[in-house]
Amino acid sequence: MALATAAPQPTTAQDPIELEGLVVTANRWAEPAWTVAAHATVIEGLELRRAGIEYVADALRRVPGMAVVRNGSFGAVTSVFLRGGESDYVQVLIDGVPVNEPGGAFDFGSLSTDNIERIEIIRGPASALYGSDAVSGVIQIFTRRGAGPATGSLSFQAGSFATRRWQGTLAGGTDALSYAFSLGRNETDGILEYNNEHRRTTFTGRVQGRLGPRADATLSVRYDDRRFNFPTDGSGALVDRNAHTYGDALTLHLDAGRRWSDAFETRFTFDVNETDRGSDDAPDGPADTLGFFGYTNLNDIRRTGGGARAIWRPAGGTVLAAGYELEQQSIRALSRSFSQYGPSASNSENDRRNHAAYTQLAWQRRGLALNGGVRAESNERFGTAATWKLGAAWQSEAERTRLRAAAGTGIKEPTFFETYAAGFTRGNPDLEPEHSTSFEAGLDQDLGGGARLSLTGFSQSYRDLIQYTFSPPTRGGPNYHNVARARSRGVEAEGVVDAGPLQLTANYTWLDTEVEDAGFHEGEGATFVAGEPLLRRPKHTAGASASVQVAAAARFVAGLRRTGERADRDFSTFPATPVTLSAYTVVDLAAEIEVVGARAGRPGFELTVRAENLMGAAYEEVWGFAAPGRGVYVGGRVVVGGGG
């Protein structure tokens, strides 16, 4: 994991942007990393490839302040808790497109690193820029941009758990037009002896070009199709061997801009994220364990949005931006169930619209950078909401010391189910968004000799949390209300040593969370208890990695992660029993060896080897769901064309 470093002033959007040392997500334009007031982490795609990391979730496990929880095998539901916030408090973007369920979380279970150029993580509330869900931070994934002579590659890998993987890429281009495409497939039988398969196919594409000397446009697309077999129930016990989830997701992003002068430009965007997903447990055949009960459901969730932004850069290091966004959210749900009492069915269709206007100001001069922004939301369901952010960063003249501080507020809109549910559970159309307020301060120090140290302290409060109650306050009233409150605080430390062929990193996070008002949750088995920590958030986490280049043809990468104890619940009992998940340590190794270098007219070949959980640590990230044990994978990569 690379700590961001200083860089020159950002170029305009129409110039070729070299992102080394720049951060895009913090202000929605490329800017030197030292000016970013919030704690930021940038993961380069090259790092992911060298470490053999296939899933984005596994890359995020290495990030300080991040807790990643997967319910068992590869492809299972995977949640991210940033700085102790809920899993639906992180907004996830792919090339600028929000991919969360509206008001909800994003499942990282099947998100691969295929064709990823970089991942940016910005901690702290960012609703003033990105709106709902950006409560604890933003994770933005940028797909690869093409450049130079056409280059193609084909990689393949096989190993433990009957895993088979392959991916093909094609990229290239000029300043006028560039392109990058990839197509990949992954198959694994999973970690259980009975049906636990995961299948995934991913296509990505990005085309970028100039529309004249002062205009440009970028079109990016990502499509995922997956299936995951889960024969277990919510407690991890075998229930039904033929139960599975399935789905596909399409993300489309169009960005176009024009520079009217050296100081003024406008940009326009159009985004689509559509997900069809469901689960199936039809009562048929010998694979059906239950036999007397089955179900199938399908949800089509769509987010369609567009926006316009104007950016003015007068002299003196000042940037002023203002924008407007419109988003339409919709969901169509279908469910069928089968039992000895006969079939039953339900259908629903709901939508809502959101308008937003925002403005932001950034100022930089002689090592001092200030920024701020405000945003106003107008939602046809929860009404209006306003959020803000402020930040300051100072860098010494020698560029060896940096101080930074940031504060802001965030919101999370209610989910469709919390708002519209009908039947036994009734939604509440009068729900307000959940709110947060956050403060952080940090120090980044260049120690010389390629060594750098970063230290950040933060505090976040969460209020108006939405909870479910079996007994509505009014007879026949809704089951969801804004009633609970919690907080989190902690310290994040990172260190990097870049000594030429040897690179070392280390990080540590101390996290303290507490439920301040449990709302409706009470009694034995409650999952939200006043005075207790939030579930599945470790108080202590640490990690370290080493990357060494041997000669010019081989690179070896080793990683270690230590996760401390976490509170959880055993849902196989009623009421659920409070339990403690044990601490664990995972060691990974990877090697990339260039057997034949790519040259003009001659393809190159690289050998890859990766060992995950090398020591075979037995642990659970969710009570009752075993995590994968030791895995060894061997593969290769053929490269054809310019650049290698």
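The values are calculated or read from the model by the stated rules, or taken from the named source; none is laboratory data. Treat the numbers as computed from the prediction; the structure is a model and nothing was measured. When we count neighbours, we look across all protein chains shown, and the Cβ atoms used for this are built from the backbone with ideal geometry, even at glycine. Calculation scope for accessible area: heavy atoms of the full protein, side chains included, ligands and nucleic acids excluded. Shrake-Rupley method; radii C 1.70, N 1.55, O 1.52, S 1.80 Å.
Figures for the structure shown
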| quantity | calculated |
| --- | --- |
| Filtered residues of segment 568-581 (kept if within 29 Å of the chain's Cα centre (by Cα), of a type in the set (A, V, I, L, M, F, W, C) and either modelled with pLDDT of 95 or more or open to solvent by less than 30 Å² (accessible area, probe 1.4 Å) (or both)) | Val579, Leu581 |
| Segment 138-149, residues that are of a type in the set (A, V, I, L, M, F, W, C), open to solvent by 10 Å² or more (accessible area, probe 1.4 Å) and either closer than 20 Å to Thr359 by Cα or outside any loop (DSSP other than H, G, I, E, B) (or both) | Phe142 |
| Residue under evaluation Gly72, criteria (1) more than 25 Å from Asp300 (Cα to Cα); (2) at pLDDT 95 or above; (3) touching a Phe, Trp or Tyr at 6+ places or on another chain (Cβ under 6 Å), criterion not met | (2) |
| Pick from segment 176-196, criterion of a type outside the set (A, V, I, L, M) and without any contact (Cβ under 8 Å) to a residue 60 or more places away in the chain, ranking: surrounded by the fewest Cβ atoms within 10 Å (Cβ to Cβ) | Glu193 |
| Residue under evaluation Val135, criteria (1) of a type in the set (A, V, I, L, M, F, W, C); (2) open to solvent by less than 10 Å² (accessible area, probe 1.4 Å); (3) part of a strand (DSSP E or B), criterion not met | (3) |
| Asn273 being modelled with pLDDT under 95 and within 28 Å of Ser346 (Cα to Cα) | no |
| Val557 being under 24 Å from the mean Cα position of the chain (by Cα) and in a strand (DSSP E or B) | yes |
| Hits in segment 84-95 - residues which are in contact with a His (Cβ under 9 Å, 6 or more places away or on another chain) and more than 10 Å from Ile139 (Cα to Cα) | Asp95 |
| Residues satisfying the stated conditions in segment 379-398, i.e. among the hydrophobic types (A, V, I, L, M, F, W, C), under 30 Å from Asp446 (Cα atoms) and surrounded by fewer than 23 Cβ atoms within 10 Å (Cβ to Cβ) | Leu390, Ala392, Trp394, Ala398 |
| One residue from Arg353, Arg303, Arg375, Arg332 being of a type outside the set (S, T, N, Q), crowded, with 16+ Cβ neighbours inside 10 Å, within 29 Å of Gly423 (Cα to Cα) and under 28 Å from the mean Cα position of the chain (by Cα) | Arg303 |
| Per-region count, segment 383-412, residues more than 18 Å from Thr35 (Cα to Cα) and small (Gly, Ala, Ser) | 4 |
| Answer residue from segment 306-329, given it is assigned to a strand (DSSP E or B) and over 21 Å from Asn379 (Cβ atoms) and is most open to solvent (accessible area, probe 1.4 Å) among those | Trp312 |
| Selection status of Thr201, open to solvent by less than 30 Å² (accessible area, probe 1.4 Å) and either in contact with a strand residue (DSSP E or B) (Cβ under 9 Å, 6 or more places away or on another chain) or of a type in the set (Asp, Glu) (or both) | no |
| Selection status of Glu440, over 29 Å from the mean Cα position of the chain (by Cα) and farther than 21 Å from Asn479 by Cα | no |
| First in segment 409-435 and hydroxyl-bearing (Ser, Thr, Tyr), second anywhere and surrounded by fewer than 19 Cβ atoms within 10 Å (Cβ to Cβ) and modelled with pLDDT of 95 or more, Cβ under 9 Å, 6 or more apart | Thr409/Ala386; Thr409/Trp388; Thr409/Thr437 |
| Candidate set from segment 508-520 (those that are open to solvent by 30 Å² or more (accessible area, probe 1.4 Å) and part of a strand (DSSP E or B)); member that is farthest from Asn428 (Cα to Cα) | Tyr508 |
| Any hit, segment 525-541, residues being over 30 Å from Gly641 (Cβ atoms), among the β-branched types (Val, Ile, Thr) and in a strand (DSSP E or B) | yes |
| Matching residues, segment 356-395, being in contact with a strand residue (DSSP E or B) (Cβ under 8 Å, 6 or more places away or on another chain), basic (Lys, Arg) and assigned to a strand (DSSP E or B) | Arg375, Lys389 |
| In segment 399-419, residue farthest from the chain's Cα centre (by Cα) [restricted to those that are assigned to a strand (DSSP E or B) and surrounded by fewer than 22 Cβ atoms within 10 Å (Cβ to Cβ)] | Thr401 |
| Long-range neighbours under 7 Å by Cβ, at least six apart or interchain, first residue farther than 18 Å from Leu403 by Cα within segment 25-39, second among the small types (Gly, Ala, Ser) | Asn27/Ala362 |
| Strands (runs of 3 or more DSSP E) enclosed by segment 26-120 - at least 3 residues per element that are under 23 Å from Arg569 (Cα atoms) | 66-70, 78-82 |
| Any chance Phe528 is within 25 Å of the chain's Cα centre (by Cα), at pLDDT below 95, surrounded by 16 or more Cβ atoms within 10 Å (Cβ to Cβ) and more than 30 Å from Asn347 (Cα to Cα) | yes |
